[in-house]
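Here is the structure we will look at.
The values are calculated or read from the model by the stated rules, or taken from the named source; none is laboratory data. Please read these numbers as outputs of a predicted model, since none were measured by experiment. All Cβ positions, even for glycine, are placed from backbone atoms using ideal geometry, and neighbour counts span all protein chains on display. Remember, those area values only see protein heavy atoms, side chains included, never the ligands or the DNA or RNA. Shrake-Rupley method; radii C 1.70, N 1.55, O 1.52, S 1.80 Å.
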Amino acid sequence: MSQRRLAAILSLDVVGFSRMMQGGSKALLKTLNTLYRDLVTPIVGQHHGRVVKLLGDGALIEFPSASHALEGAIAIQSHLREPDHPYLVPERIQLRAGLHVGDVTVDGEDIFGDGVNIAARLQAAAEPGGILVSKVLCDLAGSDYANRLHREGLRTLKGIAQPIEVLSINFTDEGVSKSRVDFAKTQEIRYCQTDDGISLAWSVVGDGSPVVKAPSWIGHLELDWRNPAVAPICTSVAQHHRLIRFDARLNGLSDWDAETCTFDRFVDDLETVYDTAGLKRAPILAISQGSAVAAAFAARRPDRVSAIVMIGGFPVGRAKRKSPKDVARALAMKHMMTAGWDDEYPSLRDLMAQIIVPGASQEARRQYAKDMSQMISPENMGRYRDVIDQIDIRQTLSKVEVPCLVCHATGDRMQPVDQGRLFAKGLPNAKFIAYESSNHAMPDNDPEWPRFERDALAFLAEHK
């Protein structure tokens, strides 16, 4: 006879299961069996739950309380975020997770009902390596988990009559968050003058050997500490090095009225900051178009650059690529940015945040979109975009002698991974690493973040 009871439900699913099955079902199934036997099942037991059933590419799990379910899900996903976890076939296995609490119907060892259905729908909507949780479960779990939760708004789920308010899990370490706040409070903004009379805002945080960050797209020395695309890697580097950052001309706290804005001027400005900071030689941390600027500077002044970490970089701007679609997109994006940059919500800035860091929380992306309006004016955005889209340093790459770590997400929506590979092919001393992610610049909530952080810090430590 069937019974009804209240239960906390965890639904798990393997990301990209069907695609990976085509590469070899036997190896994949063996690895999944090992994962569920050695990782998932022991963690579930430690949190007083039970695996109701395995579904080939996923699992249905029941817990007696909301807090046990939340702790169990976080523990499973945290283990799979470790840089060297052994579950590879050959790519790293990632799980999606959904959590809900509600009435279930018990039939033997199996369970059914809306509680199960909603957990499964939340799982399907979660980011790879992420956890989506219903607000009902979060409320029952209590306030101890408040710092680990990001609001994601109402979600309409297939087959569920009413929208569900959901939250996602924040995997950022609390100590790292505190360091980020401390850096934001203690940094001292300084100014230096370029040879064409432009004031560039720059700052230094952290101790140790120097690392210079080239400006990436648009920025703001103060607001960047809460930018999900920039803050994680800057915080990490500043915890181990003396990090020098500056705002490019036309944006942030640097002069917005520069008469000249060219790629060569971007390279000149990087050298100006090197000179002002008293740096003879240092590695460069470069994100997006900062990678091209760093490479051009290294070709010009190899004596001053010891290495470059490139993240989401591209040697050829959209307007210079062969595809007519890329050229059309470059023109369309420029017009949209110029016309709609200062619009209120919903805005083009929200779209840009979604493209740059789709894996960040909705809260973080929304704040980033708001901050963008303080980083640059609509008019300057048009000028700035022109320069970025016209970048083409293919002929310069062979002159870059320094070691380069080229990092690129396979699903980058802003700059395709082919651009990262093009960089690595043209650089004489480059190592290319692809990360299974859709983020242009990696937020620390991305499951690939621990591996990327390890790779970047190890490379910088090797090439001080």
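List of remarks:
- Any hit, the range 267-274, residues being acidic (Asp, Glu), under 21 Å from residue 372 (Cβ atoms) and open to solvent by 10 Å² or more (accessible area, probe 1.4 Å): no
- Within the range 435-452, the set of residues being open to solvent by less than 40 Å² (accessible area, probe 1.4 Å) and either part of a loop (DSSP other than H, G, I, E, B) or free of Cβ contacts under 8 Å to residues at least 24 places away in the same chain (or both) comprises 437, 438, 439, 440, 441, 442, 443, 444, 445, 446, 447, 448.
- Test result for residue 133, under 24 Å from the mean Cα position of the chain (by Cα), closer than 30 Å to residue 257 by Cβ and at pLDDT 95 or above: no
- Scanning the range 290-331 for residues that are open to solvent by 50 Å² or more (accessible area, probe 1.4 Å) and modelled with pLDDT under 95 yields 320, 322, 324, 325, 327, 328, 329, 331.
- Residues (under 16 Å from residue 96 (Cα atoms) and out of contact with any Pro (no Cβ under 8 Å at 6 or more places or on another chain)) located in the range 130-148: 131, 132, 133, 134
- Where residue 337 falls short, out of the listed (1) touching a His at 6+ places or on another chain (Cβ under 8 Å); (2) of a type in the set (A, V, I, L, M, F, W, C); (3) at pLDDT below 80: (1)
- Of residues in the range 378-391 being open to solvent by less than 60 Å² (accessible area, probe 1.4 Å) and over 25 Å from the mean Cα position of the chain (by Cα), the one farthest from residue 303 (Cα to Cα): 378
- The sole residue among 103, 13, 84 that is in a strand (DSSP E or B), open to solvent by 40 Å² or more (accessible area, probe 1.4 Å), among the acidic types (Asp, Glu) and touching a Lys or Arg at 6+ places or on another chain (Cβ under 9 Å) is 103.
- Positions within the range 157-202 being polar (S, T, N, Q) and open to solvent by 50 Å² or more (accessible area, probe 1.4 Å), in sequence order: 162, 186, 193
- Test: residue in the range 393-406 that is touching a helix residue (DSSP H, G or I) at 6+ places or on another chain (Cβ under 8 Å), modelled with pLDDT under 95, of a type in the set (A, V, I, L, M) and under 30 Å from residue 173 (Cα atoms): no
- Scanning the range 203-217 for residues that are crowded, with 24+ Cβ neighbours inside 10 Å and of a type outside the set (Lys, Arg) yields 211, 212, 214, 215, 216, 217.
- Residues that are of a type in the set (A, V, I, L, M) and open to solvent by less than 70 Å² (accessible area, probe 1.4 Å) number at least 3 in the following strands (runs of 3 or more DSSP E) confined to the range 106-156: 131-134.
- Checked against the criterion of being touching a residue at least 24 places away in the same chain (Cβ under 8 Å), in contact with a strand residue (DSSP E or B) (Cβ under 7 Å, 6 or more places away or on another chain), open to solvent by 10 Å² or more (accessible area, probe 1.4 Å) and under 30 Å from residue 148 (Cα atoms), the candidates 412, 455 yield just one match: 455.
- Subset of the range 42-64 [out of contact with any strand residue (DSSP E or B) (no Cβ under 6 Å at 6 or more places or on another chain) and either open to solvent by 60 Å² or more (accessible area, probe 1.4 Å) or at pLDDT 95 or above (or both)]: 42, 43, 45, 46, 47, 48, 54, 55, 64
- Residue within the range 392-405 that is within 20 Å of residue 229 (Cβ to Cβ), open to solvent by 20 Å² or more (accessible area, probe 1.4 Å) and either in a strand (DSSP E or B) or not aromatic (Phe, Trp, Tyr) (or both) present: no
- Failed item, numbered, when residue 37 is tested on (1) open to solvent by 10 Å² or more (accessible area, probe 1.4 Å); (2) in contact (Cβ under 8 Å) with a residue 40 or more places away in the chain; (3) assigned to a helix (DSSP H, G or I): (2)
- Residue check, residue 19 open to solvent by 50 Å² or more (accessible area, probe 1.4 Å), within 26 Å of the chain's Cα centre (by Cα) and not aliphatic (A, V, I, L, M): yes
- Each residue in the range 56-89 was checked for being touching a residue at least 40 places away in the same chain (Cβ under 8 Å) and closer than 24 Å to residue 102 by Cβ, and 19 of them qualify.
- Filter pass, residue 432 being crowded, with 24+ Cβ neighbours inside 10 Å, touching a His at 6+ places or on another chain (Cβ under 9 Å), among the hydrophobic types (A, V, I, L, M, F, W, C) and not in a loop (DSSP other than H, G, I, E, B): no
- Residues that are farther than 15 Å from residue 202 by Cα and touching a Lys or Arg at 6+ places or on another chain (Cβ under 7 Å), drawn from the range 250-264: 258, 261
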